[in-house]
Amino acid sequence: MRYAMAIDTKKCVGCSDCVVACQTENDVPIGYCRDWVVEITNGTYPQLETELRSERCNHCENSPCVRCCPTGASHYSEGGIVMVTKNECIGCSACITSCPYDARFVHPEGYVDKCTFCLHRVKKGMKPACVAVCPTKCMYFGDLDDPRSEVSEVLKKRKYKTLIPEAGTKPQLYFLI
Amino acid sequence: MREEIIVSGRNNPLIDPQLHVWHWEIPTYLFLGGLAAGLLFFAALYYLRGKENEYRTAVKIAPMLAPIALALGLIALFLDLHHKLYFWRLYTTIRLESPMSWGAWTLMIVTPVSIIWSALHIKELFPNWDWKFDFAKELIGFFQKKKKVLAWIMLISSAILGVYTGILFSAFNARPLWNTSIMGPLFLASGLSAGSAVVIWMSKNHAERKRFAQLDLMIIGIELFLIIHMFMGFLASTQVQIDAVNLFLGGPYTAQFWGFVVILGMIVPAILEGLELKGYKIPVAIPVVLVLFGSVMLRFIISNAGQASRWLY
Ligand code: SF4
Ligand code: SF4
């Protein structure tokens, strides 16, 4: 099993609903968030092109954050989802520095926190909160090993990219372009 | 023109101007660890070479500072942890891929060894010292007999400790400025240089001071050599690493790096030590303080500049 997410940069309108949904679902403390939306404009006026991306932890297959964790708190869980066990985390921040996407933060309680692909929901057969709430339905979630899953299907049809693949982390967020 | 707007976000360099999660604690810990490594390395080396009476300060007296440095370093590390009550989790597992884990376990070996080594030589400082209890005397007697083994353990573990202080940085490819294997040897050399500077400072024996001044000069030469190679490697690398090293070549860390680390921390003390070896009278404290200052600054500047370097996407 290999969980992954595909996010359509053409459909996203940058409303940040995914951010709020995540904050609510996961009780993310005020001022923090596990996902965020980036708006990038390229080109010279008047030839401009804008891309909207809802970003979060890439649940990398070769995660530097799992490798550098001295206690094993950061680990691979079901379907390659990268998780942090809070009672094993000492809050050394090594994983924060090791993540090229800056996806992690120190929770006010001291342990390190980040996106979990809503594993607690996924286990019950539901979609992650951000995917479920997106008003433009621009996010797809599922198992890449299953050729008929939503995410496999859309990746077959559409062109996509991952973020800084040259960092060697094998990210599992696919941005449809 | 490329413009990036983040609608929401945290811990993202465009919101928090740069990712900065390691503050003064980690560089302080790395400096003290490196200093202790330098002191213990020379103590073990010259003991094993049978020079314990010739280089009495290096073998018997200066290493007594090591447990103090290690204890202060561990306090600094502890202060850096955000989930302090779970500190012990470091010691329920060994993770070979994690430099932090290597460091924690190396300290677990180096610290007791340095304490035993200091206990064996405590009479050098306090001639009337008395190990009041019999078991303490027996223990000291036991280690006295095994001193050679102890010295070997100390030699190897202190070298690992010294290299580790740099590997902790170089293992992170997410921070391009740190991501060079030169960091290991560079930080080891910096720790050895700091250790030999302390010996020069503490020693009353002319021959010993001369020996360590020569050693320090050589180590500073090696450090400069490593720094030049670091720059060559970066400039011949990918765009992210070129951007990263430009933090030191015109970027915001240029003056600090060249001024504090290279000129004040290496070149000036090297010249002063060289002049002293030639017979000029130079107050020994000046090069020593400069070397220690340079060693501290190296850690701080690499730590801060590294966190300001990032992949672009
Ligand atoms: S995005 Fe960062 S935190 Fe998430 S798995 Fe990759 S390296 Fe780890
Ligand atoms: S902060 Fe926690 S999860 Fe991150 S590396 Fe340290 S112990 Fe592991």
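The values are calculated or read from the model by the stated rules, or taken from the named source; none is laboratory data. Computed from a prediction, not measured in an experiment: that's the story for all the values here. With ideal geometry, Cβ positions are generated from the backbone for all residues, glycine too; neighbour counts draw on all protein chains shown. Just so you know, the surface numbers come from the protein's heavy atoms only, side chains and all, with ligands and any DNA or RNA stripped out. Shrake-Rupley method; radii C 1.70, N 1.55, O 1.52, S 1.80 Å.
Data overview
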item: Enumeration of residues in segment B:44-83 that are closer than 20 Å to residue A:69 by Cβ, open to solvent by 70 Å² or more (accessible area, probe 1.4 Å) and in a helix (DSSP H, G or I); result: B:78, B:79
item: Failed item in (1) modelled with pLDDT of 95 or more; (2) open to solvent by less than 60 Å² (accessible area, probe 1.4 Å), with residue A:37 passing the rest; result: (1)
item: Members of segment B:78-102 found to be at the interface with chain A (Cβ under 8 Å from one of its Cβ atoms) and within 18 Å of the chain's Cα centre (by Cα), listed by number; result: B:80, B:99, B:100, B:101
item: Residue selected from segment A:119-177 under the condition of a type in the set (Ser, Thr, Tyr) and touching an Asp or Glu at 6+ places or on another chain (Cβ under 7 Å), by the criterion nearest to residue B:175 (Cα to Cα); result: A:140
item: Those residues of segment A:30-74 which are out of contact with any helix residue (DSSP H, G or I) (no Cβ under 6 Å at 6 or more places or on another chain), within 13 Å of ligand 2 (Cβ to nearest atom) and at the interface with chain B (Cβ under 8 Å from one of its Cβ atoms), in sequence order; result: A:67, A:72, A:73
item: Test for residue A:66: is it among the hydrophobic types (A, V, I, L, M, F, W, C), near ligand 1 (Cβ under 9 Å from one of its atoms) and open to solvent by less than 10 Å² (accessible area, probe 1.4 Å); result: no
item: Test: residue in segment B:283-301 that is open to solvent by 60 Å² or more (accessible area, probe 1.4 Å) and within 16 Å of the chain's Cα centre (by Cα); result: yes
item: Positions within segment A:80-95 being at the interface with another protein chain (Cβ under 10 Å from one of its Cβ atoms) and either more than 13 Å from ligand 2 (Cβ to nearest atom) or at negative phi (or both), in sequence order; result: A:85, A:86, A:87, A:88, A:89, A:90, A:92, A:94, A:95
item: Sole exception among (1) within 16 Å of ligand 2 (Cβ to nearest atom); (2) under 21 Å from the mean Cα position of the chain (by Cα); (3) not aliphatic (A, V, I, L, M) for residue B:190, by number; result: (1)
item: Positions within segment A:55-98 being in contact (Cβ under 8 Å) with a residue 40 or more places away in the chain and part of a loop (DSSP other than H, G, I, E, B), in sequence order; result: A:57, A:58, A:59, A:60, A:61, A:62, A:63, A:77, A:81
item: Every residue from segment A:101-134 that is more than 14 Å from every other protein chain (Cβ to nearest Cβ) and part of a helix (DSSP H, G or I); result: A:119, A:120, A:121, A:122, A:129, A:131, A:132, A:133
item: Criterion: buried (at least 20 other Cβ atoms within 10 Å of the Cβ) and among the aliphatic types (A, V, I, L, M) - qualifying residue of A:155, A:144, A:173, A:163; result: A:173
item: Tally of residues being in contact (Cβ under 8 Å) with a residue 60 or more places away in the chain and near ligand 1 (Cβ under 8 Å from one of its atoms) across segment A:104-115; result: 2
item: Output for segment B:272-292, where each listed residue is within 15 Å of residue B:193 (Cα to Cα) and without any contact (Cβ under 8 Å) to a residue 24 or more places away in the chain; result: B:272, B:286, B:289
item: Search result, residues across segment B:188-240 that are acidic (Asp, Glu) and either more than 19 Å from residue B:169 (Cβ to Cβ) or out of contact with any helix residue (DSSP H, G or I) (no Cβ under 8 Å at 6 or more places or on another chain) (or both); result: B:208, B:216
item: Qualifying residue in segment B:156-169 (condition: within 16 Å of ligand 1 (Cβ to nearest atom) and within 14 Å of chain A (Cβ to nearest Cβ)); result: no
item: Whichever residue in segment A:72-103 is open to solvent by 10 Å² or more (accessible area, probe 1.4 Å) and hydroxyl-bearing (Ser, Thr, Tyr) and, among such residues, is farthest from ligand 1 (Cβ to nearest atom); result: A:85
item: Members of segment A:139-177 found to be assigned to a loop (DSSP other than H, G, I, E, B), more than 14 Å from every other protein chain (Cβ to nearest Cβ) and either within 16 Å of ligand 1 (Cβ to nearest atom) or among the hydrophobic types (A, V, I, L, M, F, W, C) (or both), listed by number; result: A:144, A:172
item: Which listed residue, of A:98, A:16, A:77, is of a type in the set (Gly, Ala, Ser) and either in contact with a Gly (Cβ under 7 Å, 6 or more places away or on another chain) or more than 9 Å from every other protein chain (Cβ to nearest Cβ) (or both); result: A:77
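The rows are residues; the columns are (1) in contact (Cβ under 8 Å) with a residue 12 or more places away in the chain; (2) closer than 30 Å to residue A:92 by Cα.
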{"position": "B:52", "(1), (2)": "no, no"}
{"position": "B:77", "(1), (2)": "yes, yes"}
{"position": "B:82", "(1), (2)": "no, yes"}
{"position": "B:99", "(1), (2)": "yes, yes"}
{"position": "B:114", "(1), (2)": "yes, yes"}
{"position": "B:130", "(1), (2)": "no, no"}
